[in-house]
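**Q** Have a look at this one.
The values are calculated or read from the model by the stated rules, or taken from the named source; none is laboratory data. Predicted model, so just to flag it, every value in this text is computed and none were measured. Counting neighbours? That spans all protein chains shown, and the Cβs are built from the backbone with ideal geometry, glycine included. SASA here: full protein model, heavy atoms, side chains in, ligands and nucleic acids out. Shrake-Rupley method; radii C 1.70, N 1.55, O 1.52, S 1.80 Å.
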Amino acid sequence: MTTSDSLPTAAERQGLRAPRGTRDVMSPEVERWQEVEAAARHAFERYGFREMRTPIFEDSKVFEKGTGETSEIVQKEMYRFVDLGGHDLTLRPEGTPPVVRAYVEHKLGQSLDVVRFYYIGPMFRYERPQKGRYRQFHQIGVEAFGSESAGVDAEIIDMAMTWLADLGLDSLELKLNSVGDKDDRPVYMEKLVEAQSELLDEMSEDARRRHQINPLRVFDSKDPRDRAVIEKLPKIIEHLSPANRSHFEEVCGYLDDWGVEYEVDPRLVRGLDYYRRTVFEITSSGLGAQDAVLGGGRYDGLVAHMGGDDVPGVGFAAGLERIVLALPQGDRPANLDCYVVTVSRDLMPEALRVLRRLRACGVRCTGDFQGRSMKAQMKAANRCGAPAVVILGPDELAKGVCTLKMMESGEQHEVSLEILATVVADELRQDGGEG
Ligand code: HAM
């Protein structure tokens, strides 16, 4: 601990930083987050999704069983710890297993046939940080339980594309694939293992490890050597059972009907163990290496695997940081409508009274609480971009008035304190601001 007698050393000061791979999100970036979140709520609620908030940490088994023992996440990336009571816990690396756990725990399928949830919140993965990849990041995701219909897959893909396009993200690309299920996987896996066994010499060490643990995970390797190997491997989409092929064709058919553009990518398997049939990913160019903005798919069998009934499910999650990085840069609206300036410090009580009345009329405002000079206060008003400034001086106050200055036009006039709040609100409305 540091006391005032022993000032912190340089090393101690350096220690007081956000942990590697985490970020402080503040204005003006935080307003963009709020915009994305509000658009998500608006978009998803139109499709009948309701918010669910699950704990930030769960019993580690939730992810071992849910995300899957052979996934990179469980193998290498979990923030796992034993708490003071000896419980084995993990900071959630993704949102799907906690929502499935809650679905089973609260028997949520009993009241409605199709149950739909969305969530917004932090996730944790011990990954190597880089632009667009963090150790604490935030996902906006949805999960829909209870229907095997290809219509639901298509509907949530369409919902995701519309939400992102409406936010102004351009060059969005949708990739789609089917990874089959218990009907076609065993035969395909045999072929895949055989093909990989012949190519082991050409694979990276990491891919050979993946081949041992789960041959499908080889497809997720980004190593250039493995990319060449992957090109030679059999494609699961060419080994689908007739039922799974027609399910996939149905998903594509809906998207064609609605004019949603996509590319079928036979190498897309996604790095989580629970996917069955449809998988998809949306990328945005301009993000660099971490260009996947959103990923998802169908996970029929997961609810049963986690102790529930045999209920199908499908969903997706988007990375909030990546969406914000891909948003078009535009003028950000000011955070404040009005700044109250006082000519002298002793007018603070009057300033606070004025601020209360302005806020009661819906005006977003603040003032100077440091007794700075008029000049410094006007500078502060300018910096915060408030379109209106109210100036309180002793002579005006004696007459029951103050000065209202509109910053863009530079016009100023005296206004009675009695009606100030409504006048400011009106001026802001005319100015195109929020009042
Ligand atoms: P995921 O592909 O692992 O899928 O993650 C979804 C999205 O989260 C990614 O497309 C990316 O935008 C973002 N993301 C992932 N890791 C990071 C990171 N380290 N830093 C920043 N952003 C990241 C899932 O998590 C599944 N639960 C999605 C799902 C829901 N499937 C079905 N339902």
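**Q** How high is the relative contact order of the chain, in percent, with contacts defined as C-alpha pairs under 8 Å that are six or more residues apart?
**A** So the answer I get is 14 percent.
**Q** Could you work out the Kirkwood radius for region 230-338, taking every pair of different alpha carbons, averaging 1/r and inverting it, reported in Å?
**A** 16.9 Å
**Q** A follow-up question, please. Let me have the 222 nm mean residue ellipticity of the chain computed from DSSP H runs of 4+ only, each contributing -39500 (n - 2.57), with the sum over all residues rounded to the nearest 500.
**A** Result for the chain, helices only: -11000 deg cm²/dmol.
**Q** In square angstrom, rounded to the nearest 10, how much accessible surface does I213 have for a 1.4 Å probe?
**A** 70 Å²
**Q** To check my understanding: the extent here is largest minus smallest coordinate of the Cα atoms along each principal axis. What are those three numbers for region 110-229, in Å, largest first?
**A** So the extents along the principal axes, rounded to whole Å, are 49, 39, 29.
**Q** Oh, and also: Is there a quick way to get the dipole size of the chain? I mean about its Cα centre, with the Cβ of Lys and Arg at +1 and of Asp and Glu at -1; what is the value in debye to the nearest 20?
**A** That gives the chain a dipole magnitude of about 1500 debye.
**Q** A further question follows. Could you give the C-alpha radius of gyration of region 263-315 expressed as a fraction of 2.2 N^0.38 Å, taking N as the number of residues it contains?
**A** 1.35
**Q** Next up: Between D183 and Q110, what is 0.36 nm times their sequence separation minus the Cα-Cα distance? Round to one decimal in nm.
**A** Difference between extended and current length: 23.5 nm.
**Q** While we're looking at this one, here's another question. Could you name the aspartates and glutamates in cross-link range of K222, using Cα to Cα under 12 Å and dropping any fewer than eight places away on the same chain?
**A** Output for K222: D206.
**Q** Too long at a 24 Å Cα-Cα cut-off: which of K379/K399; K182/K235; K76/K107?
**A** Exceeds cut-off: K379/K399; K76/K107.
**Q** Next question, about the same structure. Most fluctuating residue of L167, L233, L392 in a GNM of the chain with Cα springs under 10 Å: which is it?
**A** L392
**Q** Write down the radius of gyration of region 293-358 and its Dmax, each obtained from C-alpha positions, in Å.
**A** In order Rg, Dmax, the Cα atoms of region 293-358 give 26.0, 72 Å.
**Q** Hey, another quick one. Where does each of E35, E427 land when they are ordered by accessible area, with a 1.4 Å probe and the largest first?
**A** Descending order: E35, E427.
**Q** How compact and how long is the chain, expressed as Rg and Dmax of its alpha-carbon atoms in Å?
**A** Every Cα atom of the chain included, Rg and Dmax give 27.9, 93 Å.
**Q** Please say if region 293-422 is rounded, prolate or oblate, where rounded means a/c under 1.5 for a ≥ b ≥ c the square roots of the C-alpha gyration tensor eigenvalues, and otherwise the choice is prolate for a/b larger than b/c and oblate otherwise?
**A** Since a/c reaches 1.5 and a/b is larger than b/c, the shape of region 293-422 is classed as prolate.
**Q** How long, wide and thick is region 1-157, going by the Cα atoms along their three principal axes, in whole angstroms, largest first?
**A** 66, 41, 27 Å, listed from the longest principal axis down.
**Q** Here's a follow-up. What accessible area per residue, rounded to a whole number of Å², is obtained for region 342-384 using a probe radius of 1.4 Å?
**A** 63 Å²
**Q** Please state, rounded to one decimal and in Å, the Kirkwood hydrodynamic radius that region 358-435 gives when every pair of distinct Cα atoms enters the mean of 1/r.
**A** 13.0 Å
**Q** Shifting gears a bit: Taking the Cα atoms of region 323-362, what is the range of coordinates along each of the three principal axes, in descending order and whole Å?
**A** Per principal axis, max minus min of the Cα coordinates gives 48, 22, 12 Å.
**Q** Carbon and sulfur: what percent of region 204-263's accessible surface (1.4 Å probe)?
**A** 48 percent
**Q** Of Y126, Q139, T70, which is farthest towards the positive pole of region 70-154's charge dipole, taken about the Cα centre with +1 and -1 on the beta-carbons of Lys, Arg and Asp, Glu respectively?
**A** It is Y126, whose Cα lies furthest towards the positive end.
**Q** Ignoring ligands and nucleic acids, what accessible area does L91 show with a 1.4 Å probe (Å², nearest 10)?
**A** Here the residue's solvent-accessible area equals roughly 40 Å².
**Q** For the chain, with the dipole built from +1 on Lys and Arg beta-carbon atoms and -1 on Asp and Glu ones, taken about the Cα centre, which of L302, I56, Y103 lies farthest toward the positive end?
**A** I56
**Q** With all distinct Cα pairs included, what does the Kirkwood hydrodynamic radius of region 96-174 come out to in Å, to one decimal, could you say?
**A** Computed over region 96-174, the radius equals 15.0 Å.
**Q** Okay, next question. Test of the criteria: in region 101-188, which trypsin sites (Lys or Arg not before Pro) are in a DSSP loop and have at most 16 other Cβ atoms within 10 angstrom of their Cβ?
**A** For trypsin sites (Lys or Arg not before Pro) across region 101-188 that sit outside H, G, I, E and B with at most 16 neighbouring Cβ atoms in 10 Å, the list reads K107, K131, K182.
**Q** Taking +1 at the Cβ of each Lys and Arg and -1 at the Cβ of each Asp and Glu, which of L392, L336, V30 sits farthest along the dipole of the chain towards its positive end, judged by Cα position relative to the Cα centre?
**A** About the Cα centre, the residue reaching furthest to the positive side is L392.
**Q** Could you state, as a whole-number percent, how many of the C-alpha pairs of region 77-133 are farther apart than 15 Å?
**A** 64 percent
**Q** Quick one: which residues, 5+ away or cross-chain, put their amide H under 5 Å from the amide H of T342? H built at 1.01 Å from N.
**A** D368, L392
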